[in-house]
Amino acid sequence: TAGLNHVLSSCFDAGTQVTAWYVGLKAAGTVAAGDTMSSHAGWTEVTDYSQSVRQTLTLGTAASGSIDNVGNLATYSINGTVTIAGAFINSVDTKSGTTGTLYGAVDFGSARSVISGDTLTVTVTMTAASA
């Protein structure tokens, strides 16, 4: 809900636009509509990667109601043994940070078990549709 409210505010009510978004990794757990970065009891952030911050979300051009980062994937150098269930988008790049606007979180089609030395790349695709 926080992400949806931000979009509505920044697009239609002169709210401040966020100009940089970041991709974080999430462990297994349930995402709830009321989740924020400071309160998401159903899931935790995975930080077992060597980059010092969450990876920048660099999107291409929107077309046909969809936009993605296929031209610049979020890439993580894994430095632990962990299962990564999904990803989230936030307006702050701080690993384990609890501030910023949580745009949304989602599970992958299936969780990924990774070990130190693995590289994980994350494709983000966002769509909008009329009802």
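When the stretch 35-46 is examined, which residues are found to be in a loop (DSSP other than H, G, I, E, B) and surrounded by fewer than 16 Cβ atoms within 10 Å (Cβ to Cβ)? Write out each step before concluding.
At the first step, the residues of the stretch 35-46 found to be in a loop (DSSP other than H, G, I, E, B) are 35, 37-38, 40-44.
Within the stretch 35-46, Ser38, Ala41, Gly42, Thr44 qualify.
Please determine, by comparing only the residues of the stretch 20-43 that are touching a Ser or Thr at 6+ places or on another chain (Cβ under 9 Å) and of a type in the set (Ser, Thr, Tyr), which one is nearest to Ala131 (Cα to Cα).
Thr36
Counting only residues that are part of a strand (DSSP E or B) and over 10 Å from the mean Cα position of the chain (by Cα), which one in the stretch 101-111 is nearest to Thr16 (Cα to Cα)?
Step one: filter the stretch 101-111 for residues part of a strand (DSSP E or B), giving 102-111.
Those still in the list that are over 10 Å from the mean Cα position of the chain (by Cα) too: 107-111.
Details: Asp107: 28, Phe108: 30, Gly109: 33, Ser110: 35, Ala111: 35 Å.
Looking at residues that are part of a strand (DSSP E or B) and over 10 Å from the mean Cα position of the chain (by Cα), I get Asp107.
Suppose we filter the stretch 112-131 for residues that are surrounded by fewer than 15 Cβ atoms within 10 Å (Cβ to Cβ) and assigned to a strand (DSSP E or B); how many remain?
Keep residues of the stretch 112-131 that are surrounded by fewer than 15 Cβ atoms within 10 Å (Cβ to Cβ), which gives 113, 115-117, 119, 121, 123, 125, 127-131.
When the remaining residues are screened for being assigned to a strand (DSSP E or B), the result is 113, 119, 121, 125, 127.
The total comes to 5.
Residues checked against (1) surrounded by 14 or more Cβ atoms within 10 Å (Cβ to Cβ); (2) assigned to a strand (DSSP E or B); (3) touching a Gly at 6+ places or on another chain (Cβ under 7 Å):
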{"site": "Ser10", "(1), (2), (3)": "yes, no, no"}
{"site": "Thr16", "(1), (2), (3)": "no, no, no"}
{"site": "Gly24", "(1), (2), (3)": "yes, yes, no"}
{"site": "Ala28", "(1), (2), (3)": "yes, no, no"}
{"site": "Ser77", "(1), (2), (3)": "no, yes, no"}
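Quick one: Thr119 ticks every box in (1) more than 15 Å from the chain's Cα centre (by Cα); (2) hydroxyl-bearing (Ser, Thr, Tyr); (3) at pLDDT below 95 bar one, so which box is it?
Only one criterion is unmet by Thr119, namely (3).
Within the bounds of the stretch 91-100, is there any residue that is in a strand (DSSP E or B), open to solvent by less than 70 Å² (accessible area, probe 1.4 Å) and within 22 Å of Thr125 (Cβ to Cβ)?
no
The values are calculated or read from the model by the stated rules, or taken from the named source; none is laboratory data. Remember, predicted model here, so these are calculated numbers, not experimental data. Heads up, the Cβs are rebuilt from the backbone with ideal geometry, glycines too, and the neighbour counts pull from every protein chain shown. For the accessible areas, the whole protein counts, side chains as well, though only heavy atoms, and no ligand, DNA or RNA atoms are used. Shrake-Rupley method; radii C 1.70, N 1.55, O 1.52, S 1.80 Å.
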